[in-house]
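Comments concern the structure below.
The values are calculated or read from the model by the stated rules, or taken from the named source; none is laboratory data. Because the structure is a prediction, the values reported are computed rather than measured. So basically every Cβ, Gly included, is an ideal-geometry build from the backbone, and we count neighbours across all protein chains shown. Surface accessibility is based on the protein's heavy atoms, side chains included, excluding ligands, DNA and RNA. Shrake-Rupley method; radii C 1.70, N 1.55, O 1.52, S 1.80 Å.
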Amino acid sequence: MAVEGADVDTDGAGGTGGTGSASASGDSGDAVAEARAAGPRGGESVRVDVWIWSVRLVKTRSMGAAACRGGHVRVNGERVKPAYAVHVGDEVRLRHAGRERVVIVKRVIRKRVGPPVAAECFVDNSPPPPPREAVAPAGIRDRGAGRPTKRDRRELERLRSFPGPPPGPDGH
């Protein structure tokens, strides 16, 4: 006896017959479906702070909004506010963690997705990060050497490339 309007379990999985979650095997079809589900429903644009968070360029959405407010995010060469709408084909430049990221938007998504799916949503044209050897190591002092003298501090600042006070008339 069937009841009208009731859901009937025809696949035998015991669920509601929905698509379910992505499997642990990481099928690419599931990843594409996940990215489509994360996309905007009505329009074809998303806030820039939400987009850079959802494709994992920043760790939190508030960090994305702060980067926009601080002028570290540019879309097509213009500094933008967090609510700026991002469209497919836009070039997004983000200065974050001492590095500039240059990405082209391939897919607009609103929800945060896994790293493999996020990588499919943009084309990364960023310059490669500098090698670790090129980064100057911080000055290391011997344990128990005491407080650095003024001369030691100036040498450390020179090594770290910090702009120090201008030299005096005698060159010191």
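Between K59 and A33, the FRET efficiency estimated from the beta carbon spacing at R0 = 30 angstrom works out to 0.75. Of the listed residues T149, T60, the order by accessible area with a 1.4 Å probe, largest first, is T149, T60. Placing dummy labels 7 Å off each Cα toward the beta-carbon, the span from E91 to S126 is 1.7 nm.
Model label sites at D142 and A119, defined 7 Å from Cα along the beta-carbon direction, differ in position by 4.8 nm.
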